[in-house]
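Report on the structure given below.
The values are calculated or read from the model by the stated rules, or taken from the named source; none is laboratory data. These numbers come from a predicted model, not from an experiment. For neighbour counting, all protein chains shown are included, and Cβ atoms are generated from backbone atoms with ideal geometry for every residue, glycine included. Surface accessibility is based on the protein's heavy atoms, side chains included, excluding ligands, DNA and RNA. Shrake-Rupley method; radii C 1.70, N 1.55, O 1.52, S 1.80 Å.
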Amino acid sequence: MRPIKIIRRYNKFALGSCLFCMGNTQVLCNATIQQGQPPHLKGTNSGWITAEYFMLPQSSSQQRNSRQQQLTSGRTKEISRIIGRSLRAVVDLNLLGPNTVIIDCDVLQADGGTRTAAINGAFVALHDLCTKLIKDKVLSTNPIKKFLASISAGIVNGKKIVDLCQQEDNNAEVDITVVMTEDKELVELQYTAEKKLYDLKTLPQLVELAWDDISKIISLLKKLLSSNRNTITYK
């Protein structure tokens with residue numbers, strides 16, 4: 001796993017914010033809450049959590065990302081949805097009341113693993129938002145039920161590795177994204193055979209490898225969020 005640096009309260013105007021860095025990948029996550037629900041929840045007391053993922057122009061080594069192209073990109077929408085689904089899996093939405101939490105995840109610098117860094121940073125931002133809402137008596141109970149974290153894993157040149165950088169991702173034979181809770185429960189699992197096919201026994205091996213580092217990230221998140229410190233690192 002690459003070095004990790006987490007800076008919470010990065011944006012002084014957001015109720016919850018975090019700059020999450022994994023290697024050279026940097027994602028800024030800001031959490032907002034607003035009254036109202038999506039149409040399918042009208043008439044209930046359930047809240048909702050959604051996310052918006054965006055790669056800033058020139059965040060990668062490729063040519064400049066057009067803002068307009070980003071807004072209509074299928075990849076952008078897919079990653080936004082996986083972030084939202086992951087967070088909703090560990091939150092009691094009824095405790096949010098008829099409100100919607102929006103997590104904006106902006107990739108400042110991309111070197112592989114932007115969706116996993118976004119999920120990790122979004123959890124920190126959500127946690128701090130909920131803590132602030134409890135302090136302000138907007139919420140009476142913390143709706144977050146469990147901690148979660150995410151990391152990528154894959155096979156490059158026949159070797160199983162985790163937290164792939166861009167070069168490793170480009171050369172991967174297999175690439176997976178794993179999201180798990182602190183209780184080792186799977187939340188999301190995306191498996192893609194890029195250049196070579198493997199049998200079924202490979203998947204649990206990669207998931208177990210991912211869990212080894214997901215558990216380390218969760219421990220890091222717990223250490224940071226149980227304290228008043230703003231920054232924590234893992235090398």
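List the residue pairs whose Cβ atoms are under 8 Å apart, where the first residue sits in the range 203-226 and is closer than 18 Å to Lys146 by Cα, the second is among the hydrophobic types (A, V, I, L, M, F, W, C) and in a helix (DSSP H, G or I), and the two are 6 or more positions apart or on different chains. Qualifying pairs under 8 Å: Leu221/Phe123; Leu221/Val124; Leu224/Val124; Leu225/Val124. Quick check on my filter: what residues within the range 91-103 are surrounded by 20 or more Cβ atoms within 10 Å (Cβ to Cβ) and part of a strand (DSSP E or B)? If the condition is that a residue be surrounded by 20 or more Cβ atoms within 10 Å (Cβ to Cβ) and part of a strand (DSSP E or B), then Val91, Val101, Ile103 are the ones that fit.
For the range 184-193, the set of residues classified as surrounded by 14 or more Cβ atoms within 10 Å (Cβ to Cβ) and either touching a Cys at 6+ places or on another chain (Cβ under 6 Å) or more than 17 Å from Ile155 (Cβ to Cβ) (or both) consists of Val187, Glu188, listed by residue number. Note on the range 206-235: among residues that are part of a helix (DSSP H, G or I) and charged (D, E, K, R), the one that is farthest from Ala118 (Cα to Cα) is Glu208. On the stretch given as the range 217-235, residues that are over 15 Å from Arg9 (Cα atoms) and touching a helix residue (DSSP H, G or I) at 6+ places or on another chain (Cβ under 7 Å) total 2.
Quick grid of which residues meet (1) aromatic (Phe, Trp, Tyr); (2) modelled with pLDDT under 95; (3) more than 20 Å from Ser80 (Cα to Cα); (4) within 13 Å of the chain's Cα centre (by Cα):
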residue	(1), (2), (3), (4)
Val124	no, no, no, yes
Leu133	no, no, yes, no
Ser150	no, no, no, yes
Glu168	no, no, yes, no
Ile176	no, no, no, no
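The conditions of being open to solvent by less than 70 Å² (accessible area, probe 1.4 Å) and more than 15 Å from the chain's Cα centre (by Cα) are not met by Ala118. For residues that are among the β-branched types (Val, Ile, Thr) and open to solvent by 60 Å² or more (accessible area, probe 1.4 Å), tally how many sit in the range 135-165. Qualifying residue count, the range 135-165: 2. Within the range 194-224, the set of residues being exposed (fewer than 14 other Cβ atoms within 10 Å of the Cβ) and either modelled with pLDDT of 95 or more or among the aliphatic types (A, V, I, L, M) (or both) comprises Leu197, Leu200, Pro204, Gln205, Glu208, Asp212, Lys222, Lys223. Can you confirm whether Ala118 is touching a residue at least 40 places away in the same chain (Cβ under 8 Å), in contact with a strand residue (DSSP E or B) (Cβ under 9 Å, 6 or more places away or on another chain) and not in a strand (DSSP E or B)? Answer is yes for this residue.
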